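In what follows, a single structure is set out as structure tokens and then discussed.
The values are calculated or read from the model by the stated rules, or taken from the named source; none is laboratory data. As the structure is a prediction and not an experimental result, all values here were calculated from the model. Glycine also receives a Cβ, built like all others from the backbone with ideal geometry; neighbour counts cover every protein chain displayed. Surface areas here come from the heavy atoms of the whole protein model, side chains and all, with no ligands, DNA or RNA. Shrake-Rupley method; radii C 1.70, N 1.55, O 1.52, S 1.80 Å.
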Amino acid sequence: MGGAVVDEGPVGVKAPDGGWGWAVLFGCFVITGFSYAFPKAVSVFFKELIREFGIGYSDTAWISSILLAMLYGTGPLCSVCVNRFGCRPVMLVGGLFASLGMVAASFCRSIIQVYLTTGVITGLGLALNFQPSLIMLNRYFNKRRPIANGLAAAGSPVFLCALSPLGQVLQDHYGWRGGFLILGGLLLNCCVCAALMRPLVAPQPGVAPGPQRPARRLLDLSVFRDRGFVIYAVAASIMVLGLFVPPVFVVSYAKDMGVPDTKAAFLLTILGFIDIFARPTAGFITGLKKVRPYSVYLFSFAMFFNGFTDLTGSTASNYGGLVVFCIFFGISYGMVGALQFEVLMAVVGTHKFPSAIGLVLLLEAMAVLIGPPSGGKLLDATHVYKYVFLLAGAEVVTSSLVLLLGNCFCMGKRPEAVAAEEKLHTAPADVRVDSREVEHFLKEEPEKNGDVVHTPETSV
């Protein structure tokens, strides 16, 4: 497969690490917030949908499941679209799809129609926004990339704290149909964020352009030959099996202890509030010069911390214990959210990141569909929440060990290869880049300028 790359990060252009990059960061913050918070926020309408269509809770839960499955499972499709058409056009279409799905859902007469509109169409729209926004963010930031990823990831808890109450207010005043219609209009802000994703442009010399750069494959499956990527993908898939389980069951866990509904629901507010501050803090720490070379190890620690929190949270016997659990889970969950894509970028490099993130999201989609339902099956069989938390903790701890051991024993290329990445993506501040010189450089030294570049610390 091949095709023109409209929005490809140009060779010889240094990431600005600021300037218009802050506008890109704001757009990525909003897109991340909608993408991760929206599948959870629509749950406030479930009771009205149950009453409207005469269905059960399990039927309405499929709406959120389909949304998440589309967000993760369409990763390769997003990679192909970005490599073919560029980030900004894909995001504009995605914003229209996300809005159209919710508007169409407000006229639905059956739950199947809601699945197709809210689940499939809106989910696809959010997916077409989420992945390209991350790609653009990583093109605009290099030295400040960890803190940029941390700030963008903070959009998830911020929007969750905002969208859930807003959904409840809209339902109380306009019903679920009016609420869906207004939320559809709100999702048009994704198109505004897409307009902020201005592609980087290489400097134009005053000479005739040289030969065109060969088109890159639309979906680069060669990343599977990179041991670092394979280990990261395996570890991330195992992690996702248990990562989302505790937030799903912690409120029911509290209610099972006899805690009032309002007080039990406050646990998620605590978790989200801590998460808001944990993500940018983790990004800032990772961006420190002495810490950044060891970002893979820090990510492995964050995963272990999260799994260990699940294991200890299983021993909670009262509401106070669950509050402490939510505090530490919010910290570890925020660290994982801030570091996961930063580490992926460090593992595969800038050039292969669009394809790598799509393939990783596809693998995680399968785990997302298995994780929470498997916890529910275990709970139905045992009626003991402790076992659910133990299972989730064991899965996340296992993923941290896979990443840590893989990083220790499966080192990639030698550190000298870093020079090639710097030559490809960094231009000296006082030197103008001639397109013919770049083309000549690429043709003369193809092996030196490979796509995948690693250091011992970031090669898994």
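CYS408 contributes an accessible area of around 60 Å² to the protein surface, as traced by a 1.4 Å probe with all chains present. Other residues with beta-carbon under 11 Å from the beta-carbon of VAL251 carry, at +1 per Lys or Arg and -1 per Asp or Glu, a net charge of 0.
Note on exposure: TRP20, TRP62, TRP176 ranked by accessible area (1.4 Å probe, complete protein assembly) read TRP62, TRP20, TRP176, with the most exposed listed first. The residues LEU378, LEU339, sorted by heavy-atom accessible surface at 1.4 Å with ligands and nucleic acids left out, run LEU378, LEU339 from largest to smallest. Dividing the mean sequence gap of close Cα pairs (under 8 Å, 6+ apart) by how many residues the stretch 210-336 holds gives a relative contact order of 30 percent. Note on PHE266: accessible area is roughly 110 Å² with a 1.4 Å probe, heavy atoms of protein only. For the stretch 43-153, the equivalent ellipsoid built from the Cα gyration tensor has semi-axes of 32, 15, 11 Å, listed from largest to smallest. Full extension of the chain between LYS290 and SER43 yields a length gain of 84.6 nm, computed as 0.36 nm times the residue separation minus the alpha carbon distance. Electrostatic tally near TYR333: other residues with Cβ closer than 12 Å to its Cβ, Lys and Arg +1, Asp and Glu -1, net -1. These residues, THR315, THR350, THR309, go from largest to smallest accessible area, 1.4 Å probe, as THR315, THR350, THR309. Computed from label points 7 Å out along Cα-Cβ, the spacing between HIS173 and ALA265 is 1.8 nm.
Here the extension length gained between ASN189 and CYS410 equals 75.2 nm, from 0.36 nm per residue of separation less the Cα-Cα distance. Here ARG225 and TRP62 are evaluated by their C-beta separation; at R0 = 45 Å the FRET efficiency comes out at 0.75.
A probe of 1.4 angstrom, applied to the heavy atoms of all protein chains, finds ILE182 with accessible area near 70 square angstrom.
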